[in-house]
């Protein structure tokens with residue numbers, strides 16, 4: 001089942017962990033989102049990022065999603081891998097095996113998230129999920 005959700009960023013708390021004089025740095029961010037659409041609820045995301053001298057940022061992270069998918073309530077974890085550059089942020093997401101709880105206990109799937117180039121607080125998520 002293909003599900004779509006709009007993500008509205010509510011908070012971004014980032015701290016630099018390492019830095020070089022050539023524009024290279026690593027950082028850590030804790031981010032919260034409000035979700036609407038087929039997935040309704042909220043999420044908390046923990047990112048590790050590397051800022052490259054060529055104005056690209058690579059990132060990976062884990063996101064705990066809590067809410068409901070088309071009425072089925074529960075939570076699950078998404079693994080993120082992505083890139084941010086002049087065209088915005090794009091990432092692939094995979095539901096972490098065995099991370100589903102409550103009515104989403106056996107959830108599986110993967111998809112993508114793409115930022116809204118006009119509104120940096122918004123992103124659009126599409127995931128192809130399987131629920132028993």
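Take the Cα of residue 46, step 7 Å along the line toward its Cβ, and report every residue of region 64-82 whose backbone nitrogen sits under 19 Å from that point.
64-67, 75-82
Any chance you could run the full-extension gain for residue 101 through residue 11? It's 0.36 nm times the residue separation minus the Cα-Cα distance, nm to one decimal. Walk me through the numbers before you get to the answer.
Numbers: separation 90, 0.36 × 90 = 32.40 nm, distance 2.47 nm.
Length gained between residue 101 and residue 11: 29.9 nm.
So for the pair residue 73, residue 58, with labels modelled 7 Å out along Cα→Cβ, what separation do we get in nm?
A separation of 4.1 nm, rounded to one decimal place.
Considering Cα pairs under 8 angstrom that are at least six residues apart, work out the relative contact order of region 47-125 and quote it in whole percent. Kindly include the intermediate steps, with their values, before the conclusion.
Working: 169 pairs, mean separation 17.1, N = 79.
Computed value for region 47-125: 22 percent relative contact order.
Starting from the Cα of residue 122, move 7 Å in the Cα-to-Cβ direction to define the label point; list residues of region 1-15 whose amide nitrogen is under 15 Å from there.
Counting backbone N atoms under 15 Å from the label point, the list is 5-10.
Packing-wise, with mean Cβ within 10 Å as the measure, how do 46-59, 100-113 rank, highest first? Numbers along the way, then the final one.
Working: 46-59: 14.5, 100-113: 16.9.
Top to bottom by mean Cβ count within 10 Å: 100-113, 46-59.
Values in this text are rule-based calculations from the coordinates and carry no lab data. Quick caveat: nothing in here was measured; it's all calculated off a predicted structure. Virtual Cβ from ideal backbone geometry, glycine too; neighbours counted across all protein chains shown.
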